[in-house]
Amino acid sequence: QVQLVESGGCLVQAGGSLRLSCAASGSISSINAMAWYRQAPGKQRELVASITSGGTINIVDSVKGRFTISRDNAKTTVDLQMNSLKLEDTAVYYCRILVAMNAYWGQGTQVTVSS
């Protein structure tokens, strides 16, 4: 059993910053990758950023230069630092981890960017 607990989502003004955090627990002895996705109203869920067990980072172009992904040394927590937030960043943000060949999702945390 794997549990993911996300935190950090809230209402923020455009141009502001937020830091999302996702803590994994349970049977997580072999996490292959950790990632953040988001889903805006009426849109499909999309990848925002990911980091592999080897440290390879991928960040989608729409947030590159504004968002960064990081994890703790124990590789059980993954954070998403979001700077210079835009209205279009409003979405529910989900943490996803890949353990062996199994994917696990968090419950989501709402990020709302206001003008």
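The values are calculated or read from the model by the stated rules, or taken from the named source; none is laboratory data. Just so you know, these numbers come straight off a predicted model, no measurement behind them. Neighbour counts run over all protein chains shown; Cβ positions are idealised from the backbone, glycine included. The accessibility values were calculated without ligands, DNA or RNA, using every heavy atom of the protein model including side chains. Shrake-Rupley method; radii C 1.70, N 1.55, O 1.52, S 1.80 Å.
Within segment 69-81, is even one residue open to solvent by 60 Å² or more (accessible area, probe 1.4 Å), in contact (Cβ under 8 Å) with a residue 12 or more places away in the chain and among the acidic types (Asp, Glu)? The answer is no; no qualifying residue exists. For segment 86-93, the criterion of being touching a Ser or Thr at 6+ places or on another chain (Cβ under 8 Å), modelled with pLDDT of 95 or more and open to solvent by less than 20 Å² (accessible area, probe 1.4 Å) is met by at least one residue.
For SER21, the stated conditions do not hold, so it cannot be described as of a type in the set (Gly, Ala, Ser) and part of a loop (DSSP other than H, G, I, E, B). Of the set (1) over 14 Å from the mean Cα position of the chain (by Cα); (2) over 20 Å from GLY106 (Cα atoms); (3) polar (S, T, N, Q); (4) modelled with pLDDT of 95 or more, all apply to ASN73 but (4).
The residues in segment 5-52 that are buried (at least 18 other Cβ atoms within 10 Å of the Cβ) and of a type in the set (Asp, Glu) can be counted, and the count is 1. Among the residues of segment 53-68, those identified as over 21 Å from SER25 (Cβ atoms) and either open to solvent by 40 Å² or more (accessible area, probe 1.4 Å) or not aliphatic (A, V, I, L, M) (or both) are GLY54, GLY55, THR56, ILE57, ASN58, ASP61, SER62, LYS64, GLY65, ARG66, PHE67, THR68. Within segment 88-106, is there a residue that is more than 13 Å from the chain's Cα centre (by Cα), among the small types (Gly, Ala, Ser) and under 17 Å from VAL5 (Cβ atoms)? Yes; the residues of segment 88-106 include at least one that is more than 13 Å from the chain's Cα centre (by Cα), among the small types (Gly, Ala, Ser) and under 17 Å from VAL5 (Cβ atoms).
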